Amino acid sequence: MTLKEANKELEQLENDYEYYLREKEQLLSLVLPKSTDIRTERVDGGNRSDKLLEYVEKEDEKKINDTLDYIHAKIVNLNNWIENELKILGKYDEIEQLIVYYKEIEKKNHTWVEISQKVHYSVTQCRRIYRKYKKIREID
């Protein structure tokens with residue numbers, strides 16, 4: 001996985017997290033009691049409630065909470081991976097960092113010719129440096 005792919009996946013997970021938070025908010029608005037209105041206050045007898053509907057809504061809330069926990073754990077894990085990857089990248093010299101940055105992190109897809117012009121190295125040397133970086137990173 002490259003840093004660009006990791007950042008894209010992180011954005012998707014954060015979007016999913018926001019979606020499920022909104023779903024939970026909508027579900028809670030159905031389950032929680034409404035504000036009291038003095039004009040419609042009932043003094044004789046209790047209110048009727050649909051126990052099956054309340055059960056189904058609580059089960060939906062539990063599923064949403066489980067999904068939110070799962071997405072949050074993935075976001076934390078992905079953030080840790082990106083942070084570790086950037087620390088490892090910090091061990092390289094500036095030119096190697098620039099080459100990896102232009103190839104993986106920046107949103108615009110640069111060609112090797114563009115990268116070589118930006119770092120003032122030959123295309124072959126840029127590819128060799130990037131290959132060396134990828135080879136070291138793929139070893140687990």
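The values are calculated or read from the model by the stated rules, or taken from the named source; none is laboratory data. Because the structure is predicted, anything quoted here is derived from the model rather than measured. Side chains are part of the model used for accessible areas, which takes the heavy atoms of the whole protein and leaves out ligands, DNA and RNA. Shrake-Rupley method; radii C 1.70, N 1.55, O 1.52, S 1.80 Å.
For the residue pairs LYS4/LYS87; LYS8/LYS63; LYS4/LYS132, the C-alpha atoms sit more than 23 angstrom apart in LYS8/LYS63.
Per-residue SASA remark: LYS4, around 60 Å² accessible (1.4 Å probe; ligands, DNA and RNA not included).
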